[in-house]
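A.B. asks: There's a structure below that I have some questions on.
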Amino acid sequence: MSAVSADPAPAPAPVPPPAVTRVRARRARWYRQPTLMTGLVLLAVIVFMCYGASLLTSFNPDTQNLEQPLLGLGQAGHLLGTDQEGRDTWARLLYGGQVDLRVAFIAVILPFILGTILGSLAGYFGGWADTVIMRIIDIVVAFPFFVLVIALVFVLGTGEKSIYIAITAIGWVSYARITRGEITVAKRQEYVLAAQSGGLSSLRIIGRHLLPNVVTQSIVYAMSDIVQDIIAIVTLSYLGLGIQPPTPDWGTMISAGQNFLTTQWQLTTIPGIAVVITGLALSLIGDGLADLLRTGGS
Amino acid sequence: MGRMSFVLRRLVLLVPTAVGVTIITFFMVHLIPGNPAVTILGQRANPSTVAALDKQLGLNQPLIEQYWLFIDRLFHGNLGQSLYYQVPVSSLITSHLPPTLWLLCYAAVLGVAISVPLATLAASRKDAVRDHVIRVVPLLGLGLPAFWFGLILQTWLGTKLRLFPVTGYGQGFTGHLHSMFLPALTVAVALCPVLIRSLRASMLGVLGAEFVTTARAKGVPAPRLLVRHVLRNAVIPAVTVLGINIGYLIGGTLIVEQVFAIPGLGSLMINAIFERDFTVIQSVALVYGVLVVLVNLLTDVAYVALDPRVRFDA
């Protein structure tokens, strides 16, 4: 979960305007939202560079060349130099981005799904299910995110699978809170009452009628959550608990480069900048989306 | 409902959460794949050492008994024996707690010192260029890996410019202030985006209030209006934001302590990971959990103390 402003469960708009006009307004004007567009373009460039790595570099990220270790910027055809084992930094940066982006994406989808399911059950049915789920949430949020993630990955063993389990086990609470809050309000609206009196099953009402109307808040939150997840993944890899060498990733690159900070500053600095820019792109998208939702596109 | 009963009520509500925190830390050992004692000690460990650890962790007893044992020890201040240092974990915790608390407070103060002027500047002219800049630039801080930013500050301001010590906790009050400036700044920078955003939002809210219009009509100069009338009222929600984000703040200190070699709980935990010292990891997680719960309580109490308008029916 990411840093939260005042209230973790966002206050729903008192009386939302008819859904159709809202959606239409949003569709018409989303591309005019400068924050959102900057973020989307930035993210598209990053994704293109990482996944089109083979077009941007001819070096293999894993090929060692022990005769040319620690080259500076631009030396011997290496755009960003080489690391202590003579591997091309630019290639490792791009291929490492693939790994980090993929892991972060999966690590945000899983808690999103789990949290949305549990949150809608709690919100729709209330009663003991609600009480139990809310109690568990209270307990999980009592731990600092990083402390629990690090402790969990440690006990589960290093590697990608543990990252997914740890982040899902902790990250779902924010989505559950958001979804529960929205559904508690939305379930009293007339279209839900109509669906109920029409005899639709609870599952269908939640899945087909409620969730499409309330999921946007969770999507906005997911944008800031994925930033947090990228930092968590990079930090775990930096500590040696995450992505395992020789697989390139930004965290291991930073930690490998820190022994040469004063002589080869780019080894540590550049992967960090890559993390910051990726984080910025996602934060801008999140901000833009939030603005769009608040103002309905105007 | 009076003030005292509000605080008491909050204390009672704390009990289930505190129990939950102990349950989670207790179950950590059962998440270790295979036989935990063997995994912790390594495959080639002496069988008698394994048996001793089994006994210390109570692994040879039924689950509920194990939990009781864990709680019973907890109430006696016994967190077990460190597997690596071979000393009681409780003594490690007490010696490592002060630097962490120092860093947390220092970072919170720096965060407020950076955020308040920026938020005031942004809110004083909504939608002006400075407002947009102050809204967008801090977004960079959200995606900033604390350990990386720490390394960069350490290299440039520490090693190259020699403005601040590169590592350590320092001696005495001014020593702490000087030595821990860079780590505290690293943690504070991560906190600023959230603080600035909430401060700006609450200041804009206060600016729309009638008493502000009255003050303006009275001819109160703009700077005085912002500081005396608006900021004072807007700071209260910011206190809450600071309290809510204590977990986030602690997460930042964890790795930063390691980078700057500050002998706090974060370094203790990360070193314990390298040494595979399970009991230390478990205990530090527990202490952090308790710390967060306590700070959240303090935040609620502070909120009541700071704002006389708060009613006690929450």
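A.B. asks: Between the stretch B:222-261 and the stretch B:120-167, how far is it from one alpha carbon centroid to the other, in angstrom?
C.D. replies: Distance between centres, Cα-based: 15 Å.
A.B. asks: Turning to a different aspect of this structure: Working only with C-alpha atoms, what are the Rg and Dmax values of chain B, expressed in angstrom?
C.D. replies: Radius of gyration, then largest Cα-Cα span, for chain B: 23.5, 83 Å.
A.B. asks: May I pose another question? If I model the protein assembly as shown as equal point scatterers sitting on the Cα atoms and use the Debye formula, what is log10 I(q)/I(0) at q = 0.05, 0.06 Å⁻¹?
C.D. replies: The computed values of log10 I(q)/I(0) come out as -0.24, -0.34.
A.B. asks: A follow-up question, please. Full-extension gain between A:LEU56 and A:GLU85, please, as 0.36 nm times their residue separation minus the C-alpha to C-alpha distance.
C.D. replies: Going from the current span to full extension adds 8.3 nm.
A.B. asks: To continue, here is another question. Say each of B:ASN271 and B:VAL301 gets a label point 7 Å from the Cα, pointing the same way as Cα to Cβ; how far apart are those two points in nm?
C.D. replies: 3.2 nm
A.B. asks: Further, regarding this structure: Taking the Cβ of each residue in B:TRP102, A:TRP172, A:TRP90, B:TRP156 as the centre, tally the other Cβ atoms inside 10 Å and list the residues starting with the fewest.
C.D. replies: Lowest count first: B:TRP156, A:TRP90, B:TRP102, A:TRP172.
A.B. asks: Moving on to the next point. May I ask you to compute the full-extension gain from B:THR167 to B:ALA52, defined as 0.36 nm times their residue separation minus their alpha-carbon distance, rounded to one decimal in nm?
C.D. replies: In short, 37.6 nm is gained.
A.B. asks: A follow-up question, please. Please find the FRET efficiency linking A:MET37 to A:ARG208, where r is the Cβ-Cβ separation and R0 is fixed at 25 Å, and quote it to the nearest 0.05.
C.D. replies: The computed FRET efficiency comes out at 0.20.
A.B. asks: Hey, another quick one. Cα atoms only, the stretch A:89-161: Rg and Dmax in Å?
C.D. replies: Final numbers for Rg and Dmax: 16.8, 56 Å.
A.B. asks: Count the net charge of all other residues whose Cβ sits under 14 Å from the Cβ of B:VAL137, scoring Lys and Arg as +1 and Asp and Glu as -1.
C.D. replies: +2
A.B. asks: A further question follows. Would you work out if the stretch B:157-314 is rounded, prolate or oblate? Take a ≥ b ≥ c from the square roots of the eigenvalues of the alpha-carbon gyration tensor; rounded if a/c is under 1.5, else prolate when a/b is larger than b/c, oblate otherwise.
C.D. replies: Because a/c hits 1.5 or more and a/b fails to exceed b/c, the stretch B:157-314 counts as oblate.
A.B. asks: Before anything else, pin down the relative contact order of the stretch A:190-298: Cα pairs under 8 Å, at least 6 apart, normalised by residue count, whole percent.
C.D. replies: Relative contact order comes out at 22 percent.
A.B. asks: Let me ask another. Please compute the net charge surrounding B:VAL15, taking Lys and Arg as +1 and Asp and Glu as -1 over other residues with Cβ under 14 Å from its Cβ.
C.D. replies: +2
A.B. asks: Another question about this same structure. With +1 on the Cβ of every Lys and Arg and -1 on the Cβ of every Asp and Glu, and nothing else charged, how large is the dipole of the protein assembly as shown about its Cα centre, in debye rounded to the nearest 20?
C.D. replies: Result for the protein assembly as shown is approximately 2180 debye, rounded to the nearest 20.
A.B. asks: Next question. Run the quick spin-label model on A:ILE165 and A:VAL47: label points 7 Å from Cα toward the beta carbon, then report their separation in nm to one decimal.
C.D. replies: 3.0 nm
A.B. asks: Taking the 0 to 90 degree range and rounding to the nearest ten, how far is the long axis of helix B:246-259 tilted relative to the main principal axis of chain B, both from C-alpha atoms?
C.D. replies: Between helix and principal axis, roughly 60 degrees.
A.B. asks: For helix A:89-125, what angle does its Cα long axis make with the longest principal axis of chain A, in degrees from 0 to 90 and rounded to 10?
C.D. replies: So the inclination is approximately 20 degrees.
A.B. asks: Need one word for chain A: rounded, prolate or oblate. Basis is the Cα gyration tensor (sqrt eigenvalues a ≥ b ≥ c); a/c below 1.5 gives rounded, then a/b vs b/c decides.
C.D. replies: It comes out prolate by the Cα gyration axes.
A.B. asks: As I understand it, the value is the acute angle between the Cα axis of helix B:278-306 and the longest principal axis of the Cα atoms of chain B; what does it come to in degrees, rounded to 10?
C.D. replies: The answer is roughly 30 degrees.
A.B. asks: I've got another one for you. List, in order, the whole-Hz ³J(HN,Hα) value for each residue of the stretch A:161-168 obtained from phi through the Karplus relation with A = 6.51, B = -1.76, C = 1.60 and θ = phi - 60°; use x for Gly and Pro.
C.D. replies: Per residue, the Karplus-derived 3J(HN,Hα) values read 4, 5, 4, 4, 4, 5, 5, 5 Hz.
A.B. asks: Rounded, prolate or oblate, given the Cα gyration tensor of the stretch B:250-306, with a/c below 1.5 counting as rounded?
C.D. replies: oblate
A.B. asks: Please report the projected area of the stretch B:86-128's Cα convex hull averaged over all directions, in nm².
C.D. replies: Orientation-averaged projected area of the Cα hull: 4.1 nm².
A.B. asks: Could you give the distance between the Cα centres of the stretch A:247-298 and the stretch B:6-58, to the whole Å?
C.D. replies: 36 Å
A.B. asks: Taking the Cβ-Cβ separation of B:ARG232 and B:VAL109 as r and a Förster radius of 25 Å, what is the calculated FRET efficiency to the nearest 0.05?
C.D. replies: Calculated transfer efficiency: 0.90.
A.B. asks: Treat each spin label as a single point 7 Å out from the Cα along the C-beta direction, and report the A:PHE125 to B:LEU177 distance in nm.
C.D. replies: In this crude spin-label approximation the distance works out to 5.8 nm.
Here, each number is a calculation from the coordinates, and none is a lab measurement. Keep in mind it's a predicted model, so treat the numbers as computed, not measured. Glycine gets a Cβ as well: all are built from the backbone with ideal geometry, and neighbour counts include every protein chain shown.
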